[in-house]
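Report on the following structure.
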Amino acid sequence: MKTQIIASVIASAFLAGAATAQDFTAPPSFGSVNLSSGFTPDPYNVTLTSGGQLRASNISSSCRGWIANAPDYSVYYQAGNMFDLTISSVSSSDTTLVINGPSGNWYCDDDSGEGLNPSLTFANPGSGRYDIWVGSYSEGDYAQATLSISELGMAGGQPSQGGGSYQSIDWSLPANFGSANLRGGFQPDPYRVNIISGGSHRASEVRSGCAGWVSSAPDFELNFTAGSLPLILSAASSSDTTILVNDPNGNWYCDDDGGNAGLNPALTFHNAASGTYDIWIGSYSQGQNAEATLSISELYSE
C-alpha cells in the first residue's frame with residue numbers, strides 16, 4: 001500500500017482523492033525502475049509513446065490531455081534528505097503529465113517545462129511508487145517522448161524551468177541517452193540510437209563557428225576501439241539538427257548540414273582514434289527539441 005505524503009509540488013495541480021478510470025495498479029506499459037536518492041545517470045531517461053483514449057480530465061477538470069488506462073512508467077523511489085524530485089517529458093509534440101504519488105494523490109501539469117513540455121517538481125519528495133502517465137494534448141496524437149526523472153532539475157539532459165542547471169557543456173557528465181562499446185567492423189552497421197535533440201547551451205561555447213543548441217551533458221557516449229575504416233557520426237531528423245563531438249584526445253568537432261540528405265549533420269573521422277567519443281545532437285533553433293536518430297557507422301552517413 002502506498003504511504004508517505006508529499007509535502008509540496010511546484011507548478012502542479014494537486015488532486016486528493018480523485019475518482020478516475022485510470023488504474024495505477026495496472027502493469028506500466030513501458031516498464032519501471034528502482035531509484036535511490038543520488039542516482040546516476042541523472043536525468044534517468046525513458047523513451048515511450050504519449051497519449052491514450054481516456055481524458056485526463058476524468059481525474060480533474062484541471063488535468064489536460066489524453067492518457068492511457070495503465071501507467072506508462074512506474075518509479076520506485078527511495079528519498080534522501082537533499083534533493084527535490086523532478087519528473088518531466090520532452091517531445092516535439094505537445095504532451096502533458098499525470099502522476100499518482102506514493103500517498104495516492106494525483107498531480108497534473110501541461111506546459112511548465114520548456115516550450116510545450118510538462119514538468120512536475122516534488123519538494124521534499126516521499127519514498128514510494130510514482131505512477132506516471134505521459135499524455136498527448138490532442139486526441140489521437142501518439143508521439144515519441146522522453147520521460148526524465150531527475151534530482152538536478154533536468155529534462156532530457158537540459159535544465160527544466162525552475163530546476164537546477166549545469167554551468168556549461170561538460171563531456172564528463174553522464175550521457176542523456178546511454179552509451180555503447182563498439183570495435184572496428186561492428187555489426188549491425190550503422191548502429192543507431194533514438195534521442196531528442198537540443199538544449200539550453202550554444203554549441204559555440206566550446207568552439208567558435210559551431211552551430212545549434214545542445215544540452216550540458218552529452219547525448220551519447222561511444223567507447224570505440226578503432227579498426228582500419230573511418231568512423232562516421234551523423235544524425236537524421238525531420239528537423240534541422242547539428243552535431244558536436246569531443247574526441248578521445250579532447251578535441252572538439254562540429255557540423256551543421258554535412259550529411260547526405262537535407263539539413264542532417266555528419267562528421268567523418270578518417271583516422272579514428274580509439275577511446276571515448278562524447279556526442280551531442282543539437283537543434284539549430286533555440287528552444288526546439290526534435291526526435292532524431294544518431295547513426296554510428298564505418299560505411300556511410302545518414
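Below, the figures for the structure above:
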read-out	value
W133, sole failed condition from (1) more than 17 Å from the chain's Cα centre (by Cα); (2) at pLDDT 90 or above	(1)
Residue match in the stretch 232-242 (condition: over 17 Å from A292 (Cβ atoms) and of a type outside the set (A, V, I, L, M, F, W, C))	no
Within the stretch 174-289, strands (runs of 3 or more DSSP E) holding 3 or more residues that are β-branched (V, I, T) and open to solvent by less than 10 Å² (accessible area, probe 1.4 Å)	241-246
Search result, residues across the stretch 103-129 that are surrounded by 22 or more Cβ atoms within 10 Å (Cβ to Cβ) and more than 18 Å from the chain's Cα centre (by Cα)	W106, Y107, C108, F122, P125
Selection count where residues are within 22 Å of L35 (Cβ to Cβ), over 18 Å from the mean Cα position of the chain (by Cα) and open to solvent by 30 Å² or more (accessible area, probe 1.4 Å), scope the stretch 45-83	6
Residue under evaluation P41, criteria (1) more than 24 Å from L173 (Cβ to Cβ); (2) at pLDDT below 85; (3) surrounded by fewer than 20 Cβ atoms within 10 Å (Cβ to Cβ), criterion not met	(1)
Members of the stretch 25-38 that are of a type in the set (A, V, I, L, M) and either surrounded by fewer than 16 Cβ atoms within 10 Å (Cβ to Cβ) or over 23 Å from S216 (Cα atoms) (or both)	A26, V33
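The values are calculated or read from the model by the stated rules, or taken from the named source; none is laboratory data. The model shown is predicted, which means the values in this text are computed figures rather than measured ones. No Cβ is skipped: glycine too gets one built from the backbone with ideal geometry, and neighbour counts run over all protein chains shown. Remember, those area values only see protein heavy atoms, side chains included, never the ligands or the DNA or RNA. Shrake-Rupley method; radii C 1.70, N 1.55, O 1.52, S 1.80 Å.
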